[in-house]
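Here is the structure we will look at.
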Amino acid sequence: MRRNIKRVLITGGAGFIGSALIRFLMNKTKISVLNIDKLTYAGNLRSLDSISSNDKYQFKKIDICNKTEIKNAIKEFKPNAIMNLAAESHVDRSIDGPLDFIKTNIQGTAVLLECARDYYNSLSSKDKQEFIFHQISTDEVYGSLGSKGLFDEKSTYDPSSPYSASKASADHLVRSWHKTFGLPVLLTNCSNNYGPFQFPEKLIPLMILNALKGKPLTIYGKGEQIRDWLYVDDHAIALYNVILKGINGQTYNIGGNNEYTNLEIVKTICSKLDNKIVDKPKGIRKFEELILFVDDRPGHDYRYAIDAKKIRLEIGWKPNENFLSGIEKTINWYLDNHSWCEDVMKDSYDGSRLGNI
């Protein structure tokens, strides 16, 4: 079954992945979008400047924990699909302040599910066939892999951080609303995203910006942790295809098939910046000289890696970017968009380490 999706309500659409999804939908499809976002430190409407005047786009500033406002927004917009990307998402911040993650990621998801259930029950039989609730989640819910193996859709949940535990809890809620109440749902669990418009607390943009300022490039432990990297625009395309073709009640893992250690990531960034930046910070010949190893993060998972066979075979999606092509685009974007970076970091983040207990 291919759904005829015309109207999508997206929560967290001013964030990194949400804004990439909205830009894709506005530029490549005829779908209308209502963006609901609380506009926390990581949500910035400047990420949507290029499509903000599009007639198919609407924005409402709403906290997903506010049941009355969410219910009214759904009733007024009448979506075919609700895509939940609203989340506190940074592991280090979840160590510093776990209760914010519990509220948004668990309580907020429960509110959305209840409002979606009320709305779904009000639909005609025909409209019910088109409706879907899509929970966008993370591979971190599966915990840590050893040197071999891949996460697939049947992998056991074993979260290590308050962030991943809150996302795992939300996933369980979504499945329970499907099994208990019959709400049509889809879940996707993705690997580490990177690309333009990512808030600079995350590894790749933080390393780029700190290098340009001549600040230490801090690496946890020995930098041996391995992640599977997914270019954010590829993720947006995958999410779009899942709401069109995904089977009700199913989970799809989305990965880039790009495994690198954190140290390899930082060294790649340094090497590329060496070739792009002639006037380096004072006293620096090569950006690798800025690398500084620090104590490891508490509960730091060793390796994540996604088996994306199911989404490739059932949905027909595979990534367009490999890591080297994606990181080139990403570095160039940050070099060309200093004003965006300074704006989103102003009064909210100075580039220092978080989650150091």
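The values are calculated or read from the model by the stated rules, or taken from the named source; none is laboratory data. Since the structure is predicted, the reported quantities are computational estimates derived from the model, not experimental observations. Virtual Cβ from ideal backbone geometry, glycine too; neighbours counted across all protein chains shown.
Somewhere in segment 259-279, is a residue among the small types (Gly, Ala, Ser) and free of Cβ contacts under 8 Å to residues at least 24 places away in the same chain? Write out each step before concluding.
Here is the first cut: in segment 259-279, the ones among the small types (Gly, Ala, Ser) are 271.
With the extra rule that they be free of Cβ contacts under 8 Å to residues at least 24 places away in the same chain, the set shrinks to 271.
Within segment 259-279, one or more residues are among the small types (Gly, Ala, Ser) and free of Cβ contacts under 8 Å to residues at least 24 places away in the same chain.
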Report task. Filter segment 264-284 down to residues that are touching an Asp or Glu at 6+ places or on another chain (Cβ under 9 Å) and at pLDDT 95 or above and give me whichever is surrounded by the most Cβ atoms within 10 Å (Cβ to Cβ). Result -> 266
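Results for (1) at pLDDT 95 or above; (2) over 24 Å from residue 22 (Cα atoms), shown as yes or no for each residue.
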site: 86; (1), (2): yes, no
site: 100; (1), (2): no, yes
site: 111; (1), (2): yes, no
site: 124; (1), (2): yes, yes
site: 143; (1), (2): yes, yes
site: 153; (1), (2): yes, yes
site: 167; (1), (2): yes, no
site: 175; (1), (2): yes, yes
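For the condition touching an Asp or Glu at 6+ places or on another chain (Cβ under 6 Å), surrounded by fewer than 16 Cβ atoms within 10 Å (Cβ to Cβ) and at negative phi, what is the one hit in 332, 320, 337? Can you show your working first?
Working: 332 fails: touching an Asp or Glu at 6+ places or on another chain (Cβ under 6 Å); 337 fails: touching an Asp or Glu at 6+ places or on another chain (Cβ under 6 Å).
Answer to the check: 320.
Scan the strands (runs of 3 or more DSSP E) fully inside segment 220-276 and keep the ones with 2 or more residues being closer than 30 Å to residue 29 by Cβ.
226-231, 251-254
Among the residues of segment 307-315, is any assigned to a loop (DSSP other than H, G, I, E, B) and under 16 Å from residue 229 (Cα atoms)?
Taking segment 307-315 and keeping what is assigned to a loop (DSSP other than H, G, I, E, B), we get 307-308.
When the remaining residues are screened for being under 16 Å from residue 229 (Cα atoms), the result is 307-308.
Looking for residues that are assigned to a loop (DSSP other than H, G, I, E, B) and under 16 Å from residue 229 (Cα atoms), one finds at least one in segment 307-315, hence yes.
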Query raised in the report: Looking at residue 188, is it farther than 16 Å from residue 254 by Cα and either within 16 Å of the chain's Cα centre (by Cα) or at pLDDT 95 or above (or both)?
Result: no
**Report entry** Odd one out for residue 180, checked against (1) in contact (Cβ under 8 Å) with a residue 40 or more places away in the chain; (2) within 30 Å of residue 120 (Cα to Cα)
**Finding:** (1)
**Report entry** residue 257, sole failed condition from (1) surrounded by fewer than 22 Cβ atoms within 10 Å (Cβ to Cβ); (2) farther than 22 Å from residue 309 by Cβ
**Finding:** (2)
Query raised in the report: When you scan segment 52-79, how many residues do you find that are crowded, with 20+ Cβ neighbours inside 10 Å, in contact with a helix residue (DSSP H, G or I) (Cβ under 6 Å, 6 or more places away or on another chain) and not β-branched (Val, Ile, Thr)?
Result: 0
Query - Filtered residue count, segment 237-263, keeping only those that are polar (S, T, N, Q) and either at pLDDT below 95 or over 18 Å from the mean Cα position of the chain (by Cα) (or both) - result: 5
Query raised in the report: Can you find a residue in segment 204-222 that is more than 26 Å from residue 294 (Cα to Cα) and in contact with an Asp or Glu (Cβ under 9 Å, 6 or more places away or on another chain)?
Result: no
Query raised in the report: Does any residue of segment 192-205 turn out to be buried (at least 23 other Cβ atoms within 10 Å of the Cβ), within 14 Å of the chain's Cα centre (by Cα), in contact (Cβ under 8 Å) with a residue 40 or more places away in the chain and farther than 24 Å from residue 40 by Cβ?
Result: no
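Which residues, taken from segment 276-314, are of a type in the set (A, V, I, L, M) and either in contact with a Leu (Cβ under 9 Å, 6 or more places away or on another chain) or under 30 Å from residue 237 (Cα atoms) (or both)? If you could, list the steps in order and put the result at the bottom.
We begin by selecting, within segment 276-314, every residue of a type in the set (A, V, I, L, M); these are 277-278, 284, 290-292, 294, 305-306, 308, 311, 313.
Selection gives 277, 284, 290, 291, 292, 305, 306, 308, 311, 313.
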Query raised in the report: Tally time: how many residues in segment 25-44 are out of contact with any strand residue (DSSP E or B) (no Cβ under 7 Å at 6 or more places or on another chain) and over 13 Å from residue 88 (Cβ atoms)?
Result: 5
Query - Options 144, 164; residue that is touching an Asp or Glu at 6+ places or on another chain (Cβ under 6 Å), within 19 Å of residue 300 (Cβ to Cβ) and surrounded by fewer than 18 Cβ atoms within 10 Å (Cβ to Cβ) - result: 144
Report task. Would you mention how many residues in segment 289-318 are over 30 Å from residue 187 (Cα atoms) and free of Cβ contacts under 8 Å to residues at least 60 places away in the same chain? Result -> 1
Query - Residue satisfying condition, being free of Cβ contacts under 8 Å to residues at least 12 places away in the same chain and under 29 Å from residue 247 (Cβ atoms), within set 113, 21, 34, 123 - result: 123
Query raised in the report: Under 7 Å by Cβ, and 6 or more places apart or on different chains, what pairs join a residue from segment 58-83 that is without any contact (Cβ under 8 Å) to a residue 40 or more places away in the chain with one that is part of a helix (DSSP H, G or I)?
Result: 60/73; 62/69; 62/70; 62/73
Query raised in the report: Looking at segment 110-207, what strands (runs of 3 or more DSSP E) fall wholly within it and have at least 2 residues that are more than 28 Å from residue 262 (Cα to Cα)?
Result: 132-138, 185-190
